[in-house]
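> Dropping the structure in here first, questions after.
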Amino acid sequence: MNDKEKILKYAAKKGAISPREIESVGISRQKLYRLYREGKLVRVDRGTYSIRNVEPTEWHTYVTVAVAFPKSVICLLSALQFHNLTTQNPHNVWIALDREADRRNPKRSRQPVSIVRFSGDSFSQGIETHSIEGVHVQIYSAAKTVADCFKYRNKIGLEIAIEAMTDCIRKKKATRDRIWQFAKICRVSKVIRPYMEAIT
């Protein structure tokens, strides 16, 4: 299998790829650009290529960010929006990166992003993988996102965290026990307790 065939196979498997990903497996990005010029790949966004022309969805920005930051997890306001737990429409895509695994500053993204650093179970637990436009996008679950919002209440606002938890329980996106589990992982159980008890 030559390099062009490897790129096409990789693109078919992942749904969308970036030149940086191709270089990370030892193939020159120029070969990716050649496939694009030959019409065998289509550009779905700046720096993002696909083997087929996928119709963009409402979550297209999440796809491009997931390709740009393959080790990231969609979190906080962006995860709330995905789970339909907020009326907020954040301008940036919020992502979490593992504080321990990659201490380098990430490269700039063409999509505006807000980056937070998690570590240990706070990073690794509660991740769901959703297939969007053929790309595997990692997003925190509704329960984990509620706990994260309380942890970052000073950054996003306590009112948003309370609203998210109330909607999560009332819309049956997650049980109280599940939220409580992640509250302990995120070390915000004492903060969450009075607000959870107030929800009837």
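> Limited to region 17-52, what total is found for residues that are touching a Ser or Thr at 6+ places or on another chain (Cβ under 6 Å) and without any contact (Cβ under 8 Å) to a residue 40 or more places away in the chain?
The total comes to 2.
> Quick one: ALA11 ticks every box in (1) over 21 Å from the mean Cα position of the chain (by Cα); (2) in contact (Cβ under 8 Å) with a residue 24 or more places away in the chain bar one, so which box is it?
All conditions pass for ALA11, except number (1).
> Sort out for me the helices (runs of 4 or more DSSP H) sitting completely within region 91-194 that have 3 or more residues that are surrounded by 21 or more Cβ atoms within 10 Å (Cβ to Cβ), in contact with a helix residue (DSSP H, G or I) (Cβ under 8 Å, 6 or more places away or on another chain) and modelled with pLDDT of 95 or more.
Numbers: elements: 121-124, 142-151, 153-156, 158-170, 176-185.
Output list reads 142-151, 158-170, 176-185.
The values are calculated or read from the model by the stated rules, or taken from the named source; none is laboratory data. These numbers were taken from a predicted model, which means no experiment stands behind them. Don't worry about glycine lacking a Cβ; one is built from the backbone with ideal geometry, like all the others, and counts go over all protein chains shown.
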